[in-house]
Amino acid sequence: MTQRRNTVRLATAITAVGALFSLAGCAGSQGATELDPEADVTITWWTGQTDQAQEILAGLADEFEELHPNVTIDISPGASSTEELLQKLSAGFAGNSYPNISYAFGAWASELESSQRTLDITELVSDPEVGWDEFSEAARATVQPTGEAIIGFPALVDNISLIYNKTVFDAAGVDHPTEEWTWDDFRSAAKELTDSATETYGYAYSVSGSEETTWQFWPHLWQNGGEILDGDGAAAFAGPEGVEALEFLRQMAVEDKSVYLDQTDTKFAQLFAADRIGMMTSGPWQLWDLGVAGTDYGVTILPGTAGDHQTVSGPDIWALFDTGDVNENHWSFELMKWLTAPEQDLRWNVSYGNLPLRASEIDSPEFQEQVTALPGLDIMAENNENAENARPTVAGYVGLSEAIGSAISQVLQGQGDPEEALKAAAEKADRSLAD
């Protein structure tokens, strides 16, 4: 039976990371320098989880210990909340006392790598037994933040899909969305679904200026051929592709008046559940609430351009750290290799109601049971194939997100021109990236 996640998965998990890891030098105290797989080792694992999620992982840790009697796993949440792990890791790096493995938001990846404490597993994951190519492109890119070292394994994958309210569609006599929908199909339906008399909107968009505002925009940019950053690491979203994408959304919001503009990041989901909004773009974390509300909904991939239906994903990771002991490093890798294999992922992510890490799990009885409880979860899992790009994990991304998020919010509320707003946002973003 699917349980609601204790921590709602939102794009607002993006956290200012600043210069927390301006450290240098070797990692950890010197331990074993020659590998002995039979030697007794203790692995410290910070899961970032609580309650049922922590219980599941603790049970899996016990099982791994039974399979490998020489391995002891010191497993704990690591901090009172996932968000606090970053500060605790920073303190641990400074004190030369840190875990072998820690859960981490993908946005932290480049900062973790810059600490010079991460373990480079690039050669190890080339082993066919790891099945590295079975992870989505976005997930693989997130654990390889600079394009060089791979510093861990994907821990959680998600994406945003188009969720539509069947009650609103049927009341307006509008055909339900399909996988072939274009931007024009999407805009046309939103207009038809909008009814000022009943205060019903065709679509909803966040104008809080937060990461929720920003990451809803990235699929439009990518589908239109644009990029967030150029080859030199400077902001590239203000190019013609980005301007055209924002102009499309502006026309829907300002001219068509078919978009509910949410200042809170949360009210649009409540209105959707109450049959007041026809479409929203969101992820698997919304499905439990819709089921509880009894909302008659459907799920499909995002509307696209020229057959491009890219989505955005916000993968989290299991970061591996080099403690200076080759035996600990070996077993840290083996533990995560084992945990992320399909057999264990079905008992971890899938049993907990998350999307499976690997596409090979979609047809499993375990995942199909979850789909029965959360209709549309299978579509979202398949939509991971459309997660072709990853959000940048560079340190300046937080400032970049704030800059473009503010610009999008102003334009959608009729307070700016897309080209001028994005140009100004790019200048702010470049300052953040430079800093």
Review point. Using the alpha-carbon atoms, what tilt in degrees (0 to 90, nearest 10) does helix 85-94 show relative to the longest principal axis of the chain?
Key: 40
Check your understanding: So for the pair ALA274, ASP308, with labels modelled 7 Å out along Cα→Cβ, what separation do we get in nm?
Key -> 3.8
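Report the calculated FRET efficiency for THR266 and ALA91 (r = Cβ-Cβ distance, R0 = 45 Å), to the nearest 0.05. Write down the numbers at each step before the final one.
Values: r = 32 Å, r/R0 = 0.71.
About 0.90, to the nearest 0.05.
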Practice item. Would you mind working out the magnitude of the charge dipole of the chain relative to its Cα centre, with +1 at each Lys and Arg C-beta and -1 at each Asp and Glu C-beta, to the nearest 20 Debye? Key: 1400
Exercise for review: Express as a percent, rounded to the nearest 5, the fraction of DSSP beta bridges in the chain (both residues included) that run antiparallel.
Suggested key: 60
**Study point:** Exposure of THR281 as accessible area (Å², to 10), given a probe of 1.4 Å and all protein chains
**Key:** 10
Revision key, fill the gap. Here, chymotrypsin sites (Phe, Trp or Tyr not before Pro) of the stretch 222-275 satisfying both criteria (DSSP loop; at most 15 other Cβ within 10 Å) are none
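What is the dipole size for the stretch 30-148, taken about its Cα centre, with +1 at each Lys and Arg Cβ and -1 at each Asp and Glu Cβ, in debye to the nearest 20? Mind showing how you got there, number by number?
Details: 3 positive and 23 negative charges, 127 e Å.
Computed charge dipole of the stretch 30-148: roughly 620 debye.
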Check your understanding: So what does ARG140 come to for accessible area, using a 1.4 Å probe and Å² rounded to 10?
Key -> 60
Practice item. Give me the accessible area of SER351, 1.4 Å probe, in Å² rounded to the nearest 10. Key: 40
Review point. Can you tell me the Rg and the Dmax, both Å, for the Cα atoms in the stretch 274-344?
Key: 20.0, 58
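What is the diffusion coefficient of the chain in µm²/s, taking the Kirkwood radius over Cα pairs and the Stokes-Einstein relation at 37 °C with a viscosity of 0.692 mPa s? Numbers along the way, then the final one.
On the way: Rh = 22.5 Å.
Translational diffusion coefficient: 146 µm²/s.
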Review point. Which of THR214, PRO303, GLY231 sits closest to the plus end of the dipole of the stretch 193-333, meaning its Cα is farthest towards the positive end, when Lys and Arg get +1 and Asp and Glu get -1 on the C-beta?
Key: PRO303
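How much mean residue ellipticity at 222 nm does the chain get from its helices, if each DSSP H run of length 4 or more adds -39500 (n - 2.57) and you divide by all residues, to the nearest 500 deg cm²/dmol? It would help to have the intermediate numbers written out before the result.
On the way: 16 runs with 161 residues, N = 435.
Value at 222 nm, helices only, nearest 500: -11000 deg cm²/dmol.
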Review point. Could you give the distance between the Cα centres of the stretch 202-278 and the stretch 294-320, to the whole Å?
Key: 14
Check your understanding: In the chain, with Lys and Arg counted as +1 and Asp and Glu as -1 at Cβ, which of these residues, ALA245, TRP338, PHE153, has the Cα nearest the positive end of the dipole, that is, farthest along it?
Key -> ALA245
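Tally up the carbon and sulfur contribution to the accessible surface of the chain as a whole percent, 1.4 Å probe, everything protein left in place.
Details: 8030 of 17340 Å².
Here carbon and sulfur together make up 46 percent of the probe-accessible area.
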Review point. Could you state the principal axis extents of the C-alpha atoms in the stretch 318-386, from the largest down, to the nearest angstrom?
Key: 46, 24, 17
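The values are calculated or read from the model by the stated rules, or taken from the named source; none is laboratory data. None of the values given here were measured: they were computed from a predicted structure. Ideal geometry is used to build each Cβ from the backbone, glycine not excepted, and the neighbour counts take in all protein chains shown. Please note that ligands, DNA and RNA were not included when accessible areas were found on the heavy atoms of the full protein model with its side chains. Shrake-Rupley method; radii C 1.70, N 1.55, O 1.52, S 1.80 Å.
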